[in-house]
Amino acid sequence: MKFIDLFAGLGGFHLALESLGHKCVFASEIDDELRGLYVKNFPDSKDYVVGNIKDNHRLVPSHDILCAGFPCQPFSKSGFQGGHLDTRGTLFHEIVVILQKHKPTYVLLENVGNFEQHDGGRTWAVARRKLQRLGYTVVATEHVKSGGRGLISPHHLGFPHSRERFYAVCRRGPLSADVLPSPDRQRVTDLNPYLQANAGLAPSDLLETKLSQQQVACINHWNDLLRALPPGAEFPSFPLWSDEFEATYAYVKTTPYRARKDKLLRWTRGLGGKREMTRQEMINLLPSYAREEESRFPLWKVRFIMQNRAWYRDYRASIPPRWLTTTRSFPSSLRKIEWNCKGEKRDLWEHVLQFRPSGLRTKRMYSIPALVALTTTQIPIRDFDYKAFQTLTDFQLIARLRFMPLATQSMSMLPEQLHPDCLATKCQPRSRQTWK
Ligand SMILES: C[S@@+](CC[C@H](N)C(=O)[O-])C[C@H]1O[C@@H](n2cnc3c(N)ncnc32)[C@H](O)[C@@H]1O
């Protein structure tokens, strides 16, 4: 069948449908760099890929399947009034216009996980009714609380990436309610078989993925603490904030911002606080999250601080005093850790690590974690070859996985639906050249 790839990105839909024997006849991607990569991935597309879909409707040829990972925008508040469904002014409306003209048999849509809840559920409700009025039967991954069967993540289907997404499959005419794959939500996937060893990487890849000395030191430092704990003990499930270990400032009913100078001096003495300092200078010695100009901390922060101080009291005797001194030499985000490896080996290098603004996150080798914001500070790492350290961006890590045959260029270009059912089993990797 012939398909079109709207809002094409890097071509996740293209990859899937091509691998199933379908032929792409049109694609639109507004971002110049992404469009260039699309052509690199699918050389034939140079003859049909266009930019802004709003300016290129007339070029859309007849097709059987319309694919769109469209940007999500709320519809007009008058969306439901008088039975008039107003999708105008949104990018979804571009899809509607094409459907009205070409009447393809199938429509495949993809969006962020909470799309169906967007604008109180109105956005998807308007879009779904519009599709139904155009003659389509719609089956989508709706939330359980909306009466649906829940979202689907690649790891539910056996692909090692956790990223819940919204999908809709539509057919002009009848469509089985079982058209979406059945997710196995208890499924545990394994990243190990998909990783490439250092020996298989080009020198430029190795250079690009090398950890900084500070990152290595930080990982080793937290490892020292983990190993110093008594047998059977490990890091807690809440984020560990080492700044709280010796902290004494008040946080339950008040905050340092409200405190008098003499109290601030007492709380900051161990951190270099001196009588001749101003209030602000003393406040600046406290952890960044404790400096906020507010009279009360939010409850979640109070809870974390309380849990951290209690945890420290329990394990203080096991923690070498020099460990705390060294910790203070790290920047704030490296002084926190999230341990999501309960019961696993007490060695950070054995797990997937990400440097995040909220701390060093440790996850099991089950799947690539979903990144809410794709930034280069959030870096999954795996010490694949033991001691040949690598820093992998989410995107680089995926690029290393054997099922990633697309050309990509930066993290922001991570395609949204690379994994569902189309990869690993149905796509054979292309030559390594196209991975770069
Ligand atoms: C969520 S991403 C889709 C990802 C894609 N399905 C993939 O596999 O990589 C949405 C894409 O729509 C593109 N876009 C946004 N507005 C557009 C427009 N008016 N015309 C064409 N593309 C547009 C964005 O640049 C972005 O790459």
Practice problem: Just need a number here: residues in the stretch 104-139 that are modelled with pLDDT of 95 or more, touching a Pro at 6+ places or on another chain (Cβ under 9 Å) and within 16 Å of the ligand (Cβ to nearest atom). | Solution: 0
Exercise. Quick one: which helices (runs of 4 or more DSSP H) lie wholly within the stretch 194-292 and hold at least 1 residues that are modelled with pLDDT under 90?
Key: 203-208, 213-228
Practice problem: Could you tell me whether the stretch 120-139 includes any residue that is out of contact with any Gly (no Cβ under 6 Å at 6 or more places or on another chain), in contact (Cβ under 8 Å) with a residue 60 or more places away in the chain and under 16 Å from Pro181 (Cβ atoms)? | Solution: no
Exercise. Tell me, yes or no, whether the stretch 298-306 has at least one residue that is surrounded by 13 or more Cβ atoms within 10 Å (Cβ to Cβ), modelled with pLDDT of 95 or more, closer than 12 Å to Ser242 by Cα and under 34 Å from the mean Cα position of the chain (by Cα).
Key: yes
Practice problem: With the checklist (1) exposed (fewer than 14 other Cβ atoms within 10 Å of the Cβ); (2) of a type in the set (Gly, Ala, Ser); (3) not assigned by TED's automatic domain parsing to the domain that holds Trp349 in hand, flag the one item Gly232 doesn't pass. | Solution: (3)
Quiz item: Can you pull out the residues in the stretch 313-327 that are closer than 11 Å to Phe245 by Cα and outside any helix (DSSP H, G or I)?
Solution: Ile319
Exercise. For Leu371, indicate whether it is assigned to a helix (DSSP H, G or I), crowded, with 17+ Cβ neighbours inside 10 Å and modelled with pLDDT under 95.
Key: no
Quiz item: Looking only at the stretch 133-164, which residues are among the basic types (Lys, Arg) and within 21 Å of His93 (Cα to Cα)?
Solution: Arg133
Quiz prompt | Tally, over the stretch 21-51, of residues that are touching a Cys at 6+ places or on another chain (Cβ under 8 Å) and either in contact (Cβ under 8 Å) with a residue 60 or more places away in the chain or not acidic (Asp, Glu) (or both) | solution = 3
Quiz item: Glu142: at pLDDT below 90, charged (D, E, K, R) and under 27 Å from Ser333 (Cβ atoms), yes or no?
Solution: no
Quiz item: Looking only at the stretch 21-55, which residues are more than 17 Å from Leu10 (Cβ to Cβ) and either within 8 Å of the ligand (Cβ to nearest atom) or within 29 Å of the chain's Cα centre (by Cα) (or both)?
Solution: Asn52, Lys54
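Of all residues in the stretch 126-161, which are among the polar types (S, T, N, Q) and outside any helix (DSSP H, G or I)?
First, pick out the residues of the stretch 126-161 that are among the polar types (S, T, N, Q): 132, 137, 141, 146, 153.
Those that are among the polar types (S, T, N, Q) and outside any helix (DSSP H, G or I): Thr137, Thr141, Ser153.
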Practice problem: Go through the residues of the stretch 81-103 one by one and say whether even a single one is within 21 Å of Leu17 (Cβ to Cβ), modelled with pLDDT of 95 or more and in a loop (DSSP other than H, G, I, E, B). | Solution: yes
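The values are calculated or read from the model by the stated rules, or taken from the named source; none is laboratory data. Note that the structure is a prediction, hence the values are computed from the model and not measured. Here the Cβ is made from the backbone with ideal geometry for all residues, glycine too, and neighbour counts use every protein chain on show.
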